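Take a look at the structure below.
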Amino acid sequence: MSAPRPSSAAGRWVREHLVLVLGLLVLAYTFVPIAIVVLMSFNAPASRNVYAFDAFTLDNWANPCADPSMCDALARSVQIGLLSTLVATVLGTLAAFALVRHDFAGRSASNLLVFLPMAAPEIVLGSSLLALFVATGFSGQLGFWTIFVAHVMFCLSFVVVAVRARLAGMDDHLEQAAMDLYATPAQTFWRVTFPLVFPGILGAALLSFSLSFDDFIITNLNAGTTTTFPMYVWGVAQRGVPMQVNVIGTVMFLVSVAIVVVGEVGNRRRLAART
Amino acid sequence: MSQVAETPTSPEHPPAAAHGDHAAYDGLRLRDVTKEFPGGFTAVRSLDLDVPRGSFFALLGPSGCGKTTTLRMVAGLETPTSGSITLAGQDITYAKPYRRPVNTVFQSYALFPHLDIFENVAFGLRRRKTKDVDAKVREMLELVELTSQARKRPAQLSGGQQQRVALARALINNPEVLLLDEPLGALDLKLRRSMQIEVKRIQVEVGRTFVHVTHDQEEAMTMADTVAVMNGGVIEQMGAPAELYENPRSTFVANFLGQSNLIEGRVLRRAADVTTVEMHGIEVSVPSPRVHTDADAGWVGIRPEKVLVGRPGEELDAPGNTIPGGVVSDVSFVGVSTQYLVRMPWGQELQVFSQNTGRTHMFTQGESVELSWRPEYAFLLDRSQDADAGAAERVGG
C-alpha cells in the first residue's frame, strides 16, 4: 500500500458522496426538460423563434384554447385514452386471470405471444395494422375508431403482464382460506382476490392511459384525417409550437405527480392509522 | 389397514359403535379414502380413520406421507378419488369447502394482508351474517391475547402473533372440526414449545375436535390425545402417544417416534405371556402383547433410555439377561443424560441414554461394559421390515 495521495477537499467530498452526486445528476437529466416545459408555458415569444424565453406572461394559462384545433385534438386524445384504457384493462385483466388460473391448450404459447406487441417495433405494428384495415375494407373509416382499436391492441399486453405478475405473486392459500371461512366463489373474488390484485389493475390502467395518450407512430398511420394531441404537436412543430402546448404539458405532468402523491399519502395515512 | 382410535372421549360424547352405522358416529370418519393426483401419484391409499368428537388428534408423518392431503380432503380443498368422509353423521365427501363446518389453520397462516386483524378474525362471521360480530371478535381476540393488535395489519405482527390470529380466525366460527396444517412449523423452537401448550390449552377450553398435521413427533406427542403415524399414504399405527412410543408395531414407528435399538433375533418359544427370542447367542424375553410378527425371525427393539449400562460383572437393576462384551465407542454428555454408543460383539452399535442422576458412573470411550434391560420394555418387530425405516425422516433427536 502506498501512502494516501494528497487530494483537494472538493475531490474528497465528491468521492465520499459519489452516490449522492450521481443521483442528483440523474434527477437533473430527467427533470431539466420538464422544467423547460414549465418555464416555456409562461413565455410570451417576441418573434417566430418560440424556443427562446422572452417575457413572462400568464396569457398562455388564461387562454389555453387560443388555438381551438389544439383543444379539439387534446379532447380526442383524452377520449381515446380513457376508452381504450377501460377496454384494455378489462380485457387484459380477464386474460391475465385465464393465463394464471386456468390450464388450457396453448397456454404457454399465449403467455409468450402476449409479449409480442411490446417487443415489436411500433412502426411494424402500425403499418401492419393499417394494411389489415385497408385489406378488410376499412380504409374509408380510418379515424377515431381505428385509433381506438390500435390503442387497445398495444395496451392489452402491458395490462396482461402487469396483472399477471400481481396474480402470480399472490398466495393461493388466501383464496382457499376465504373459501374455508364460508366465502362463496363470488365472495372470495370480491372480498379477497380483487382487492389484492387491484393495485396491479390500477397500475396497468394508468400505464395504458399514458401509453395511449402519448402514442404517435401507430396512431399517425391509422388516423386517417383525425388528429390526436401528439399528432397536432408534431404538425405545428414545423411552423412554431404555440406556447399553450407547454401549458398542456405542465398540466399533464402535475396530474401525474398528483396521482402519485395522493396514492402515497393515502398509503401512509392508512399505515399510520394502524400503528 | 383399518384402525379405530381407542382414545377416551369427553363424557358427553361417548364413542359410538365403531362399526357400520355412519349416521350414529358423531365424530369425523373417513372410510376407504383414496386420493390419486393426475400423473399417477397416490397420496392417500384406502384410508380409514375415526376421530372422536372433542379429541385432539394428530396426523404424524414425514413430508409426502399424505397427511396434508388427508387434511385438505377433510377441509374440502381436495376431492377424494374414492371413499367417503362423514362428519357428525353427515356425508361431506363432496361438499364445497364453504358449506362444511370445518375450519383450517394454514401452514402459511394465509391471513388476508389487506384486512386488519379484527376483520381477519371477523371474516367467517361476516360471510355467514352472524349477529354480534364485534363482541364475538373481541372475545376471541382476548382468548388469544391480541386485543391490543386489533387494528393492525398482519404484516405488522410477529410470526407467533400471526399464528394466533390464524387460530382465532378459524376458531371463532365454532367449527365441528378445526384442522391445523403444521401451523407451528415456521416458528422458532422456543416459541413453538410455548404455542404447543397454548394451542392445547385452547383446545381443552373450547372442547372442539382438533386435527393436527405435523412431521414433528415431539409436537404430536405433546399435544395430541391420539396420534396416527402416517407413511406412504397409509396409517402405520394409531393410538395414545405413550402406547405408540412404548409398543410400536413397525420399524417405521419405532424409529420415527423417538429412537430405537433394533437387534436381529430368532423366536425360540412362544407362550401366552412371554415370547423367548435368541439374540446373537443370548436369550431374551419379550412380552407377547409386544410381539408383532408371526415369523421365526424378528427385530428385538429396545428404547435407548431403557438400556442399562454397567461394568462387567456389575449388578444391574434388571431381571433379564445381561449382554456382555460391549465396548463404549462414543460418549456425548448432554447435561440431563449421557448418550453412549456401545459396540457389541456382533459389530452393531447400540444407543444407550443414561440419566445423570449423580449416582451413575460416567463411562469413557474404549471402556468395556455390559448391557441389560427390563424384559417388559422390549418389543419384537417383523424381520422383513427395514431396520432403518423412518430414522432419516425423524425431526431432531
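Any read-out appearing in this document is the output of simple, stated calculations on the displayed coordinates, not a laboratory observation. Everything numeric here is computed off the predicted structure, so don't read it as measured data. For neighbour counting, all protein chains shown are included, and Cβ atoms are generated from backbone atoms with ideal geometry for every residue, glycine included.
A few points about this structure:
- Mean Cβ count within 10 Å, highest first, over the residues of peptides A:194-201, A:100-107: A:194-201, A:100-107
- Long pairs among B:K96/B:K136; B:K129/B:K190; B:K35/B:K190; B:K35/B:K131; B:K67/B:K306, criterion Cα-Cα beyond 29 Å: B:K129/B:K190; B:K35/B:K190; B:K35/B:K131; B:K67/B:K306
- Segment A:200-275 versus segment B:325-339: alpha-carbon centroid distance in Å: 76
- Gap separating the Cα centres of segment B:214-261 and segment B:117-158, nearest whole Å: 36
- About the centre of its Cα atoms, the protein assembly as shown shows a dipole size close to 2420 debye [charges on the beta carbon of Lys, Arg (+1) and Asp, Glu (-1) only; nearest 20 debye].
- Helix B:159-171 and the longest principal axis of the C-alpha atoms of chain B enclose an angle of approximately 60°.
- Note on A:167-180: average number of Cβ atoms from other chains within 10 Å of each residue's Cβ is 6.
- Annotation for segment A:144-178 versus segment A:7-48: alpha-carbon center distance of 37 Å.
- Inter-chain neighbour count for B:106-117: the average number of beta-carbon atoms from partner chains within 10 Å of each residue's beta-carbon is 5.
- For chain A: relative contact order, % (alpha-carbon pairs under 8 angstrom, 6 or more apart): 31
- Chain A: Cys lacking any partner C-beta under 4.7 angstrom: A:C155
- Mean separation of Cα contacts under 8 Å (6+ apart) over length of segment A:129-275, as relative contact order %: 32
- Taking every Cα-Cα distance in the protein assembly as shown and sorting them into 20 Å bins from zero, the calculated P(r) comes out as 14, 31, 26, 19, 9, 2, 0 percent.
- Net charge contributed by nearby residues that have their C-beta within less than 11 Å of B:P248 (K/R +1, D/E -1): 0
- Take the Cβ atoms of A:S8 and A:A105, set R0 to 60 Å, and the FRET efficiency comes out at 0.30.
- A Förster distance of 41 Å, applied to the separation of the beta-carbon atoms of A:V78 and A:H17, puts the FRET efficiency at 0.40.
- Where both bridge residues fall in the protein assembly as shown, DSSP classifies roughly 75% of the beta bridges as antiparallel.
- Estimated FRET transfer efficiency when R0 is 41 angstrom, pair A:L86-A:L27 (beta carbons, to 0.05): 0.75
- Relative protection proxy for B:149-158, B:297-306, from highest mean packing down: B:297-306, B:149-158 (other beta-carbon atoms within 10 angstrom).
- When the helices of chain B are scored as -39500 (n - 2.57) per DSSP H run of n ≥ 4 and the total is divided over every residue, the value at 222 nm lands at -6000 deg cm²/dmol.
- Proximal aspartates and glutamates to B:K200, defined as alpha-carbon separation beneath 12 angstrom and excluding residues fewer than eight positions away on the same chain: B:E219, B:D225
- Partner chain coverage, peptide A:11-17 - average Cβ within 10 angstrom: 0
- When each of the peptides B:268-277, B:220-229 is scored by the mean number of other C-beta atoms lying within 10 Å of its residues, the order from highest to lowest reads B:220-229, B:268-277.
- Antiparallel content of DSSP bridges confined to chain B, in %, to 5: 75
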